[in-house]
1. Leaving ligands and nucleic acids out of the surface, order THR292, THR220 by accessible area at 1.4 Å, largest first.
2. Quantify, in whole percent, the carbon and sulfur part of the accessible surface of region 164-322 (1.4 Å probe; protein heavy atoms only).
3. So between ASP3 and ARG304, what do we pick up on full extension, going 0.36 nm a residue minus the alpha carbon distance?
4. Name the residue farthest towards the positive end of the dipole of the chain from the options ILE135, SER359, ALA297, assuming +1 on Cβ of Lys and Arg, -1 on Cβ of Asp and Glu, about the Cα centre.
5. Among the listed pairs LYS219/LYS255; LYS293/LYS448; LYS268/LYS448; LYS187/LYS448; LYS219/LYS449; LYS187/LYS444, give every one whose C-alpha distance is greater than 31 Å.
6. Using +1 on the beta carbon of Lys and Arg, -1 on that of Asp and Glu, and nothing else charged, what's the dipole of region 283-335 about the Cα centre, debye to 20?
7. What shape does region 164-322 have by the C-alpha gyration tensor, where a ≥ b ≥ c are the square roots of the eigenvalues, rounded means a/c under 1.5, and otherwise prolate means a/b greater than b/c and oblate the rest?
8. For region 361-388 and region 246-267, what is the centre-to-centre distance using only Cα atoms, to the nearest Å?
Amino acid sequence: MTDPIHIVGGGLAGSEAAWQIVQGGGHVVLHEMRPHRATEAHQSDGLAELVCSNSFRSDDANGNAVGLLHQEMRRMGSLIMRAADAHQVPAGGALAVDRDGFSQAVTAALEAHPNVRIVREEVAGLPPEEWGSTILATGPLTSPALAEAVAALTGKESLAFFDAIAPIIHRDSIDMSKAWFQSRYDKAGPGGTGADYLNCPMDRAQYDAFIAALIAGEKTSFKEWEATTPYFDGCLPIEVMAERGPETLRHGPMKPVGLTNPHDPTVKPCAIVQLRQDNALGTLFNMVGFQTKLRHAEQVRIFRTIPGLENAEFARLGGLHRNTYLDSPRLLDATLRLRVRPGLRFAGQITGCEGYVESAAVGLMAGRYALAETRGESLAPLPPTTALGALIAHITGGHIEAGIEAEANAPRSFQPMNVNFGLFPPLDRMPRNETGRRLRGPEKAALKKRALTDRARADLAVWLGGNETPLRAAE
Ligand SMILES: Cc1cc2nc3c(=O)[nH]c(=O)nc-3n(C[C@H](O)[C@H](O)[C@H](O)COP(=O)(O)OP(=O)(O)OC[C@H]3O[C@@H](n4cnc5c(N)ncnc54)[C@H](O)[C@@H]3O)c2cc1C
C-alpha cells in the first residue's frame, strides 16, 4: 500500500480531494473535527455540509462560468457533483440540492470506500512532518488553534470578514393568496418546472416602510475585531444594502422583473421577495439574498411585514460568520503547495476561492496534484482557459503580480473570488454571427460566452487526453 495522503477537513474541498485520490488508487486519512468540535455554522456531523444556501448556482455550461465549472467537474468524476445531481431540488436555472441528502451521499461514499479512513479529531496545530503529503481543507471556519499555527508558519495574517446566513421559512406558513410560484422569466433549468420560486410582491408604500424598518432595526453588536472587518460584496447583509440607498434592493435581490403576479396581473409590483426551495420534500424555503445581521426578534418582526409572510414560521433565522483565508497568491505555488513548507497543500475556501462549487473544485485539483506527487509524477496544470484552470491561476498568482512587485508593506488586495469569465484569458478574436457583421449588446455577450466555454471544453478535452476521468488506478 502507498503512504496515505492526509486531509484535514471533511467539507466540500476535503471530501472531493479524498475522492479524487482514492479514485486514482491512492489512500487517504481524512481528519474531521466534527462532531467533537463544532464550528459557528455547521449543524451536523456529516461531511460536505452546506452551511447556508442550498444552491450550486447556475447550471448553464454555455453562458455561465459556474455552470461550466459544474460541467468540468462532472467530466473529472467529481463526487460533489455526483451527489448534487442525485439530490437536486427544483430551482429554475440553478442547481440546488436537498442539503441533508447531499451530505449523506458524500459521507456514505467516503465511509464505504476501502481506501479511506475517517478520523474524527481536531488537528489543533500544524500537521506533523511525518504525515508527509497533507492537504489542509479546513475552510472559512478553520479552528483557531490550527489557524494560529498556519499564521505563525506563514508570517501572514489571515483576513477575517463576514458571510451571512439567510432565513429559512416553513412553506405551509406562507400565505398563497398573496404569494405565487414562478421562476424568473419562467426559466425551467435542471430539475425545475419554470415555477420553482415563491414570490411575495410589495407596492411602493410597503417597500418604503420595509427599507426604513431594515435601517432602523436592531442589529447584533460586533466584537471589536469584527467592527473593522470589511464585508464581502457578494454576501452583503440586506440591511447594509438598504443603507446604501433606498432603491438598492429593488435593483438587487428584490428586483421585480421577469415575474407576473397572478393575483393581480394588471399591477406591476414595486419589489418582489423571492424564496427558493430548501429541501427535497419542499417543506422549507429560504429567502433569496436575505443574509442579515439583524437580531433574531427583529428579523421575525420585519420579515413578517412582507406580504404573504405575515404568519411566517422560521426554521432558521439569519446570522453572520467569520471567514478565514490565505493570501494565496503570495503563499501558494501553482499546485496549491505552501511555498515555505511544500509538504502542505491547501484546498477549498481557505485558499481564497469563494463558494461551494469553487471550494470543491479546488479540492479536486489539490487531490490530483497530491496523488501525482506521491507517485513521483508531475501533473500538467489545467489550461487557464478552463473554468477551474482560470480560478486556480487566479488564486495562486494571477491576481496579485502588481501587489508582489509593490512589495511587503503594500496593503493586501487579494479578495475571495467566485469563478467568473473575467478570470479567463481573452479570446484571440471576437466571434461574429453568420452575417459576419460586428456584434453589439446581449447578442455579442452571448456569443462571447459561448466561444469562451467552447474553447474551455476543447482545451479540457486535450488536457484529459481523451479520458474523461484520467486518474489511473493503482497497478
Ligand atoms: C456562514 C457561511 C455561509 C456561507 N454560505 C455560502 C453559500 O450560501 N453559498 C456558497 O456557495 N458558499 C457559501 N459559503 C462559502 C463556502 O462556500 C463554504 O464555506 C464552503 O463550505 C467551503 O468549503 P470548504 O471545504 O473550504 O470548507 P468547509 O465546507 O467549511 O469544510 C471545512 C471542514 O473542516 C473542518 N475543520 C476545521 N478546522 C479543523 C481542524 N483543525 N481539524 C479538523 N477539522 C477541521 C470543519 O469542521 C469542516 O467540516 C459560506 C461560508 C460561511 C462561513
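1. On the way: THR292 0, THR220 55 Å².
In descending accessible area the options line up as THR220, THR292.
2. Summing carbon and sulfur atoms, their accessible area is 56 percent of the total for region 164-322.
3. 102.7 nm
4. Farthest along the dipole direction, towards plus: SER359.
5. Numbers: LYS219/LYS255 24 Å; LYS293/LYS448 39 Å; LYS268/LYS448 33 Å; LYS187/LYS448 22 Å; LYS219/LYS449 41 Å; LYS187/LYS444 21 Å.
Among LYS219/LYS255; LYS293/LYS448; LYS268/LYS448; LYS187/LYS448; LYS219/LYS449; LYS187/LYS444, the Cα-Cα distance tops 31 Å for LYS293/LYS448; LYS268/LYS448; LYS219/LYS449.
6. Numbers: 7 positive and 5 negative charges, 38 e Å.
Value, rounded to 20: 180 debye.
7. Values: a/c = 1.70, a/b = 1.47, b/c = 1.16.
Note, shape of region 164-322 comes out prolate.
8. If we compute the Cα centre of each part, the gap is 44 Å.
The values are calculated or read from the model by the stated rules, or taken from the named source; none is laboratory data. Treat the numbers as computed from the prediction; the structure is a model and nothing was measured. Heads up, the Cβs are rebuilt from the backbone with ideal geometry, glycines too, and the neighbour counts pull from every protein chain shown. All accessible areas refer to the heavy atoms of the entire protein, side chains included, with ligands and DNA or RNA removed. Shrake-Rupley method; radii C 1.70, N 1.55, O 1.52, S 1.80 Å.
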